[in-house]
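The values are calculated or read from the model by the stated rules, or taken from the named source; none is laboratory data. Source: prediction; values computed, not measured. Every residue, glycine as well, gets a Cβ built from its backbone with ideal geometry; the counts of neighbours run over all protein chains shown.
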Amino acid sequence: MRQITDLSQLAQWQAEFACSTQPLAFVPTMGNLHAGHLALLAEAQALNPRPRTLVSIFVNPLQFNDAADLARYPRTLDDDLAQLRHAGTDAVFVPPVDALLPARDGGVRIDPGALAQGWEGAARAGHFTGMATIVAKLFHLIRPQFALFGEKDIQQLIIVQSMVRDLNFPVNILAVPTQRAPDGLALSSRNRFLSDTERALAPQIYAQLTASAEAIIRGEAADLVLQRARAQLTSAGFIVDYFALCDAAQLQPMPHFSGDAILLVAAQLGAVRLIDNLRISP
Ligand code: AMP
């Protein structure tokens, strides 16, 4: 596995494959890798023809609006590298912060528009602008034919898809289903901050998603189902930010279930904000 730590090494690695017709698949991450990230990599490796794979590890300061959250984000590089090596990754790109950050405050940023206004965008000011700006830079530097993103972060995935479409990036975005623990909890780097008691409660998020989806498909009124899910999570000890039914294309609230929809949830458990979602079709 080639370990690339700066832009000139990246350019050199690219130059070695300049004459190759083998495609390149890219998996952007913030490290602290778990089976969710590895599923993205496995999906890339399963493409036919098998592409070269490059995983980036970059804790992007632009997408954090809380300095304490950025400072405590788990950084486990040695373990990450061991997992990537074991999984047969061709290259890992671990740039220093100043190699990717735009040079000036107030410089050019990608504005993802209306898609970034609700849900996580409302809870975390500037989060999606910061994400999209760095993903755009990574796409330019890495020039992959494929890039893989998890459905776990569904709003991020939809914003990246729309950025690629609206700005004509020459990359195919592939979506990978959310990987879960056996009890249903979506895998996340933030789960490590849950206490034992919180970890035991956390699967209730997925339980409420699946119960709500079943009730809505059965024909119960969506607003009542959502209200009940919020109330049950709140009485279990969560602080619910949102538990909503949206259309799957624009993530706009859907008052009555019709067509392709997604249940979206964000809830705080102790100091940890958990997000999850579940797609429902009629
Ligand atoms: P992160 O390191 O949290 O920025 O995540 C990097 C990529 O992994 C993103 O595309 C995430 O959506 C994806 N990802 C994170 N957790 C999961 C999961 N449990 N299942 C599937 N994809 C995931």
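Some notes on this structure:
- 1 or more residues within 13 Å of ASP276 (Cβ to Cβ): qualifying helices (runs of 4 or more DSSP H) within region 168-257: 204-218, 222-236
- Test result for ARG228, farther than 24 Å from LEU245 by Cβ and away from the ligand (no atom under 16 Å from the Cβ): no
- When ALA87 is tested against (1) surrounded by fewer than 18 Cβ atoms within 10 Å (Cβ to Cβ); (2) over 24 Å from ALA125 (Cβ atoms); (3) away from the ligand (no atom under 16 Å from the Cβ); (4) of a type in the set (A, V, I, L, M), just one condition goes unmet, and that condition is (3).
- Residue in region 227-235 that is surrounded by 15 or more Cβ atoms within 10 Å (Cβ to Cβ) and out of contact with any strand residue (DSSP E or B) (no Cβ under 8 Å at 6 or more places or on another chain) present: yes
- Failed item, numbered, when ARG143 is tested on (1) modelled with pLDDT under 95; (2) charged (D, E, K, R); (3) within 24 Å of ALA42 (Cβ to Cβ): (1)
- Extreme residue, farthest from the ligand (Cβ to nearest atom), among residues of region 188-214 that are in contact with a strand residue (DSSP E or B) (Cβ under 8 Å, 6 or more places away or on another chain) and closer than 28 Å to ILE110 by Cα: ARG190
- Checking LEU115, LEU81 one by one, the residue that is in contact (Cβ under 8 Å) with a residue 40 or more places away in the chain, more than 17 Å from ARG2 (Cβ to Cβ) and either under 18 Å from the mean Cα position of the chain (by Cα) or outside the structural domain of GLN268 (by TED's automatic domain parsing) (or both) is LEU115 and no other.
- Applying the condition of being farther than 18 Å from ALA87 by Cβ and either among the small types (Gly, Ala, Ser) or within 7 Å of the ligand (Cβ to nearest atom) (or both) to region 1-40 and asking which residue is surrounded by the fewest Cβ atoms within 10 Å (Cβ to Cβ) yields ALA18.
- The single condition from (1) touching a residue at least 12 places away in the same chain (Cβ under 8 Å); (2) under 17 Å from the mean Cα position of the chain (by Cα) that VAL171 fails is (2).
- Matching residues in region 141-165 - criterion: being in contact (Cβ under 8 Å) with a residue 40 or more places away in the chain and assigned to a helix (DSSP H, G or I): LEU141, ILE142, GLU151, LYS152, ASP153, ILE154, GLN155, ILE158, ILE159, SER162, MET163
- Only one entry of PHE64, PHE58 meets the criterion of being within 13 Å of the ligand (Cβ to nearest atom), touching a Pro at 6+ places or on another chain (Cβ under 7 Å) and not β-branched (Val, Ile, Thr), and that entry is PHE58.
- With respect to the stated conditions, ALA132 is buried (at least 20 other Cβ atoms within 10 Å of the Cβ), without any contact (Cβ under 8 Å) to a residue 40 or more places away in the chain and closer than 30 Å to GLN14 by Cβ.
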